[in-house]
Every structure is written in structure tokens, then in C-alpha cells.
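What follows is one structure encoded as C-alpha cells, with my remarks underneath.
The values are calculated or read from the model by the stated rules, or taken from the named source; none is laboratory data. All figures in this text were calculated on a predicted structure; none of them were measured in a lab. Glycine gets a Cβ as well: all are built from the backbone with ideal geometry, and neighbour counts include every protein chain shown.
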Amino acid sequence: MRNAKKIGADVVDCLTNFNPHQGLEILILQSPLLTLVSCRPIWEGSQYEGDETKRREALRLAMQLRANYIDVELEIFHEFNDSMDGKKPDKFKVIVSSHNFHNTPTPDAIADLVARIQATGADMVKISTAALDIKDCGKHFSVYGTFSSKAPIIGVVWGERGLISWLLSRKFGSYLTHGAHEAGAISAPGQSTAEDLGRCFL
């Protein structure tokens with residue numbers, strides 16, 4: 001985390017895909033940066049294969065420990081939101097996300113998905129898709145500005161053909177872009193390191 005701050009990061013993503021409770025309190029309370037906590041299940045394309053109840057408990061714990069953001073999948077958001085029982089701290093933000101590892105749909109389909117997520121009352125929207133063509137980045141870019149006034153949007157297109165989305169999404173209205181803290185810790189295909197992103201923007 002200190003290295004992330006040194007290279008100019010604003011937020012650190014505490015991705016807890018293997019043991020969602022392990023070290024969570026230390027990660028949040030000792031972070032020199034804003035913290036985003038996520039625990040992505042295998043059914044949403046990532047690596048967590050454990051108990052779903054424990055995964056959701058870890059996200060609620062992150063909220064209680066005053067993480068700045070948590071990332072919750074659209075598929076389970078309504079249940080999760082009910083479980084928070086109106087106890088969301090001030091300034092705490094819930095990102096509601098959708099991940100498509102197969103392709104990037106049409107701009108109209110992306111816009112419909114953004115609207116669905118915003119209708120849940122999400123504080124922020126995250127849309128991630130897979131790039132089959134470099135033009136898929138443009139599908140994302142065409143949507144961001146239209147909807148970002150209602151709830152900030154985070155968008156990214158995975159894969160080598162989606163690299164431009166990591167570099168230029170902020171220019172087209174995405175709330176943030178994100179990079180790995182080192183080359184060996186890439187969390188998504190095509191992702192750059194935070195240091196490389198810093199060189200592009202500074």
C-alpha cells in the first residue's frame with residue numbers, strides 16, 4: 001500500500017479472493033490511501049470459491065471498519081443491500097458491478113445495463129467486459145458521459161485489445177482507472193501496472 005501511494009495511486013483495491021476475512025482490519029485501518037474492498041466469486045469470473053455467506057460477511061465487515069468503498073455484484077446486490085439494514089456509514093460508497101468475460105455488447109446494451117445498476121440506488125457503477133476487437137473500447141466510451149451525472153461510472157475492457165480503455169477511460173468520463181501494484185499481480189487480462197499508468201498521466 002505504501003508503494004501504491006508512492007507511485008501516485010489514490011485508492012487501493014483490497015482484493016480478498018482467497019480468505020476474505022484474513023487481515024482485513026489491518027488492510028483497512030493501516031492503509032495510507034482510500035480503500036476499496038472486493039471479493040469476487042468464481043461465478044462472476046474470479047477466484048473465490050468459498051462460502052457465500054462468509055464472503056458477504058467480509059464485505060459488511062469492511063463497511064463497519066470504515067473502508068471507503070466495497071464492490072458488490074449486481075446479481076446479489078438487492079439481497080446484500082437488505083442485509084445492511086440501513087446501517088451504511090456516511091461517505092461510504094457501494095459500487096455495484098457487472099462483469100462479462102465473453103464479449104462486449106452493443107452500446108445500447110451497455111447503456112441498458114448501466115441504467116439497471118443505477119436504478120438499484122448504487123453509489124457507483126462498474127462495468128467490465130471482454131475485448132474481442134479494439135473497437136469495443138469505443139462502445140464503452142460512448143456511454144460513460146451520458147450516465148455519469150447520475151452515479152459515477154467505472155468502466156474497463158479486458159484483454160490486449162482493451163488496453164486503451166485502461167489508459168483513456170478517465171478522459172471519456174470513467175470515474176477511475178486501475179492498475180496492478182506490480183507486473184506479477186495482474187488481476188485482469190490486459191491490465192497495466194499502476195506505475196505504467198502513472199507514467200502515462202504524469
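Figures for the structure shown
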read-out	value
Pairs where the first residue, in the stretch 131-144, is more than 16 Å from V114 (Cα to Cα) and the second is surrounded by fewer than 24 Cβ atoms within 10 Å (Cβ to Cβ) and at pLDDT 95 or above, C-beta under 6 Å, 6+ apart	L132/N103
Every pair of residues 6+ apart whose Cβ atoms lie under 9 Å, when the first sits in the stretch 6-26 and is more than 15 Å from L65 (Cβ to Cβ) while the second is polar (S, T, N, Q) and at pLDDT 85 or above	V11/T35; V11/N68; D13/T35; D13/S38; L15/S38; N17/S38
Any chance D10 is of a type in the set (D, E), exposed (fewer than 14 other Cβ atoms within 10 Å of the Cβ) and closer than 27 Å to E195 by Cα	yes
Residues of the stretch 137-185 classified as closer than 24 Å to A4 by Cβ and modelled with pLDDT under 80, total	8
Single condition Y48 does not satisfy, out of (1) under 23 Å from V12 (Cβ atoms); (2) hydroxyl-bearing (S, T, Y); (3) at pLDDT 90 or above	(3)
Selection from the stretch 71-91 of residues that are over 20 Å from R116 (Cα atoms) and either surrounded by fewer than 10 Cβ atoms within 10 Å (Cβ to Cβ) or not basic (K, R) (or both)	S83, M84, D85, G86, P89, D90, K91
The listed residue being at pLDDT below 85, in contact with a strand residue (DSSP E or B) (Cβ under 8 Å, 6 or more places away or on another chain) and more than 20 Å from S174 (Cβ to Cβ), out of M1, M63	M1
